[in-house]
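Have a look at the structure below, then the notes.
Taken together, the values in this text are just the output of simple stated rules run on the coordinates, not laboratory data. This structure is a prediction, so every number in the text was calculated from the model and none was measured. Cβ sites come from the backbone with ideal geometry, for glycine too, and all protein chains shown count toward neighbours.
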Amino acid sequence: MQNLPNFRDYYEILGVSKDASGEEIKKVYRRLARQYHPDLNPGNKESEEKFKDIGEAYEVLSDPAKRSQYDQFSRYWKQKGFAGNKQVPKAKTWQSNQGDRNVNQEVDPSQFSDFESFINQVIGVKNKNGANNSSNGNSDPFRSPRTKVAYTVNTPPRTTRRDIEARLTLPLEKAYQGGNERIRLEDGRSLEVNMPPGMVTGQTIRLRNQGVGGGDLYLKITVEPHPLFKLEGLNIVCQVPVTPSEAVLGGQVEAPTLDGPVKMTTPPGVRSGQKFRLGNKGYPSDDGKRGDQLVEIQIVTPKNISQEERELYEKLRQIETFKPRADLLG
């Protein structure tokens, strides 16, 4: 289409072709909405206007009825005949339903100041100030002076209440602590949410009035796997490596917990795979109680040692009395 100041080409605004599918339009809108969202471009008036244009275009093209009407009446923009033009095209007939009968009403584009007012009146789009665009002056081409009946496009109400669901993936530390979290939805909205402590995978959090038309938003929680901790119910399992000398002599070692590192004491001669319990250091339950943390000992041997360490290991091998393979040799 040729570009005119009073015509808003919604396909061009979204950068899609006229035969684009509804799914493609939705995908492009989400990408652009995230790109130009005011929260990501604070103080950028150009991005703010672009964000509004994208929303206006998506409002029309995502609705099959509005899109069909927009495509149908867009052809009038090439014609002169809006207010201020000398040539007035022949009036067109607009068909609407009134009760159980069809009513034909003539639409005269010359009563509109520009094409944008004309097309927005036809498809019921609101302008950026939030008011319905209408014809120039007080004249309304969809109101008959004899019947005083206003004809409107029969489109589904935008205020239909609907619950929606979104997925939220959190690291284990955040799921454990809870607290304020800013989340960004696929529709471009950004919400500040007060998350409860002790969230688990599969849990659903309800946010009232954050859905469509006053509906609710349900956040479905997924907790990411952690490199150190593994949840087993309310208990947390982690592995702590110790050196051969620490295993033989015992003593204090540091173990990580969700509350930070703590010191624990291992007995002399601890075995690899042996588990110790740290009470009340596990995951919280709904009633405020906590599970335990199970610390599994892993004896690890060094691959690179100094010359002095080697000499000590050689001396130890000569004098040690422990014979782990004695039963195997008879």
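A few comments on the model shown:
- Pairs are defined by a Cβ separation below 8 Å, a sequence spacing of at least 6 or placement on different chains, a first member in the range 34-61 that is touching a residue at least 60 places away in the same chain (Cβ under 8 Å) and farther than 30 Å from residue 72 by Cβ, and a second member that is buried (at least 18 other Cβ atoms within 10 Å of the Cβ) and not charged (D, E, K, R); the pairs so defined are 34/188; 37/51; 37/188.
- Residue selected from the range 14-72 under the condition of a type in the set (Ser, Thr, Tyr) and over 18 Å from residue 189 (Cβ atoms), by the criterion nearest to the chain's Cα centre (by Cα): 21
- The range 160-187, subset part of a strand (DSSP E or B) and among the small types (Gly, Ala, Ser), residue farthest from residue 218 (Cα to Cα): 179
- Helices (runs of 4 or more DSSP H) fully within the range 10-73 that include at least 2 residues being acidic (Asp, Glu): 22-36, 45-61.
- Top-ranked residue in the range 274-330 [being of a type in the set (Gly, Ala, Ser) and more than 38 Å from the chain's Cα centre (by Cα); ranked as farthest from residue 241 (Cα to Cα)]: 330
- Residue in the range 308-322 that is within 27 Å of residue 232 (Cβ to Cβ) and either surrounded by 12 or more Cβ atoms within 10 Å (Cβ to Cβ) or in contact with a helix residue (DSSP H, G or I) (Cβ under 9 Å, 6 or more places away or on another chain) (or both) present: no
- Among residues of the range 252-263, those that are over 24 Å from residue 175 (Cα atoms) and loosely packed, with under 15 Cβ neighbours inside 10 Å, counted: 2
- Test result for residue 231, under 36 Å from the mean Cα position of the chain (by Cα) and assigned to a strand (DSSP E or B): yes
Conditions tested, residue by residue: (1) of a type outside the set (A, V, I, L, M, F, W, C); (2) closer than 15 Å to residue 172 by Cβ; (3) crowded, with 16+ Cβ neighbours inside 10 Å.
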site: 195; (1), (2), (3): no, yes, yes
site: 198; (1), (2), (3): yes, yes, yes
site: 202; (1), (2), (3): yes, yes, no
site: 225; (1), (2), (3): yes, yes, no
site: 228; (1), (2), (3): no, yes, no
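- Boolean, residue 253 is assigned to a strand (DSSP E or B) and more than 25 Å from residue 193 (Cβ to Cβ): yes
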